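Asker: I have a structure here, written as structure tokens, and I will follow up with some questions on it.
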Amino acid sequence: MEIEINNLFLYTALLFVVLVGLGELLRRSKLTVYVLFAVLPLMLIPYWHLYGDMDLFKWVKNFSIFGAIFWMTLIRLTKLKNEKWTYTLMYVFVGVNIIEAVLWDMKTIDIPSILNIISGLGLIFFLRDIKSAKVDKKKPHDLLSPNLNFHWVIWYTVWNWLFIYMAYPYSSFRHIGVLGAALVLSLLTKDTWLQARAYTLGLYLFFRATFIEAASTTDIISRTDSNVALVISILSFSLMAGYALNYYKPQLLKLIKK
């Protein structure tokens, strides 16, 4: 067991480093983006069907993320960046992926699931001020989403990890590396979390579908611990409450003054 735990930490750390490195590559190479998320996924559909351990949720998840990455890259590198509706569609992708997870959580009705459902809906509700999204004029023309501040990003990160822990506990530990990579990339380049999250998640989904045996070598968490789920769900719900309070703080102060 000790060896397995050591391998789990090593694998997660390696995954984190690789995703950070490749995430930086994808920022700078549109050819790599198109090959990894457009050409190869279409070519690999038969292989994934036979060997990728794909259920309906995974098929929808993979291709919705690949589609979002392709669209995001077109916005970054073409004249689409000048059209505001293109950014709205990008945020629709975000909302749809959150809804997918919320619907999955609805399959189990207990306190952690209910709190996570509410938290997920809260994330969608506060996907506001999308008009602030833009493409940086400087190379490599990053997609900037300043409306998704650090509090929202941390809230999303906790919420998403809990969803994975309850739905796919065996892969929950490695997703610390996946979620952490996007977080670090967004800290290295301000306001790029949405771009970083799309690229790093897309890379992981591609790897998981293509190299299922390698991806599952650290699957030692076989079930969800209800106490852990409860603690994390309370944390996620608290982050939502804090975000809402801060968002409506000006209105609340006006009411207090009256």
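The values are calculated or read from the model by the stated rules, or taken from the named source; none is laboratory data. A quick note: this is a predicted structure, and the numbers were derived from the prediction, not measured. Neighbour counts run over all protein chains shown; Cβ positions are idealised from the backbone, glycine included.
Asker: Only one residue in V60, V39, V35 is more than 22 Å from A181 (Cα to Cα) and without any contact (Cβ under 8 Å) to a residue 24 or more places away in the chain, so which one is that?
Answerer: V39
Asker: Right, next: Checking K79 against (1) among the basic types (K, R); (2) modelled with pLDDT under 90; (3) surrounded by fewer than 17 Cβ atoms within 10 Å (Cβ to Cβ), only one condition comes out false. Which one?
Answerer: Failing condition for K79: (2).
Asker: So is F126 touching a residue at least 12 places away in the same chain (Cβ under 8 Å) and either touching a strand residue (DSSP E or B) at 6+ places or on another chain (Cβ under 6 Å) or under 30 Å from V35 (Cβ atoms) (or both) or not?
Answerer: No; evaluated as a whole, the condition is false for this residue.
Asker: Here's a check for you: in segment 1-28, which residue that is exposed (fewer than 15 other Cβ atoms within 10 Å of the Cβ) and closer than 19 Å to R76 by Cβ is modelled with the highest pLDDT?
Answerer: L25
Asker: List every residue pair whose Cβ atoms lie under 8 Å apart, where the two residues are 6 or more positions apart in sequence or sit on different chains, the first residue falls within segment 9-31 and is acidic (D, E), and the second residue, located anywhere, is part of a helix (DSSP H, G or I).
Answerer: So the pair list comes out as E24/L185.
Asker: Can L253 be described as buried (at least 20 other Cβ atoms within 10 Å of the Cβ), part of a helix (DSSP H, G or I) and without any contact (Cβ under 8 Å) to a residue 24 or more places away in the chain?
Answerer: When the stated conditions are applied, L253 does not pass them.
Asker: Take the residues in segment 97-134 that are of a type in the set (A, V, I, L, M, F, W, C) and within 22 Å of P146 (Cβ to Cβ); name whichever of them is nearest to the chain's Cα centre (by Cα). Give the steps one after another, and end with the answer.
Answerer: Going residue by residue through segment 97-134, those that are of a type in the set (A, V, I, L, M, F, W, C) are 98-99, 101-104, 106, 109, 111, 114-115, 117-118, 121, 123-127, 130, 133.
From the residues that got through so far, the ones that are within 22 Å of P146 (Cβ to Cβ) too are 98, 123-127, 130, 133.
Working: I98: 9, L123: 12, I124: 13, F125: 17, F126: 16, L127: 14, I130: 18, A133: 18 Å.
Once the filter is applied, the top-ranked residue is I98.
Asker: Which numbered condition in (1) under 22 Å from V158 (Cβ atoms); (2) modelled with pLDDT under 90; (3) among the β-branched types (V, I, T) is the only one that I124 fails?
Answerer: Here I124 meets the rest and fails (2).
Asker: Kindly indicate which of I111, I118 is farther than 18 Å from Y199 by Cβ, in contact (Cβ under 8 Å) with a residue 24 or more places away in the chain, among the aliphatic types (A, V, I, L, M) and exposed (fewer than 14 other Cβ atoms within 10 Å of the Cβ).
Answerer: Result: I111 is the single residue among I111, I118 that is farther than 18 Å from Y199 by Cβ, in contact (Cβ under 8 Å) with a residue 24 or more places away in the chain, among the aliphatic types (A, V, I, L, M) and exposed (fewer than 14 other Cβ atoms within 10 Å of the Cβ).
Asker: From F66, F37, grab the single residue that is part of a helix (DSSP H, G or I), within 18 Å of P140 (Cβ to Cβ) and out of contact with any strand residue (DSSP E or B) (no Cβ under 8 Å at 6 or more places or on another chain).
Answerer: Checking each option against the conditions leaves just F37.
Asker: Follow-up. What's the total number of residues in segment 140-178 that are surrounded by 22 or more Cβ atoms within 10 Å (Cβ to Cβ) and under 15 Å from the mean Cα position of the chain (by Cα)?
Answerer: The first filter runs over segment 140-178 and keeps only residues surrounded by 22 or more Cβ atoms within 10 Å (Cβ to Cβ), leaving 143, 145, 148, 155-156, 159-160, 162-163, 165-166, 174, 178.
Filter once more, so that each one left must be under 15 Å from the mean Cα position of the chain (by Cα): 145, 148, 155-156, 159-160, 162-163, 165, 174, 178.
Matching residues across segment 140-178 total 11.
Asker: Just checking, does segment 184-192 include any residue being modelled with pLDDT under 90 and surrounded by 21 or more Cβ atoms within 10 Å (Cβ to Cβ)?
Answerer: No, every residue in segment 184-192 fails to be modelled with pLDDT under 90 and surrounded by 21 or more Cβ atoms within 10 Å (Cβ to Cβ).
Asker: Now, a different point. I'd like the full set of residues that are outside any helix (DSSP H, G or I) and touching a residue at least 40 places away in the same chain (Cβ under 8 Å), limited to segment 42-57. Let's see the steps before the verdict.
Answerer: As a first pass, look at segment 42-57 and keep what is outside any helix (DSSP H, G or I): 44, 52-55.
Hits for segment 42-57 are L44, G52, D53, M54.
Asker: Against the definition (within 30 Å of R27 (Cα to Cα) and hydrophobic (A, V, I, L, M, F, W, C)), how does L235 come out, yes or no?
Answerer: Here the answer is no, as L235 does not meet what is asked.
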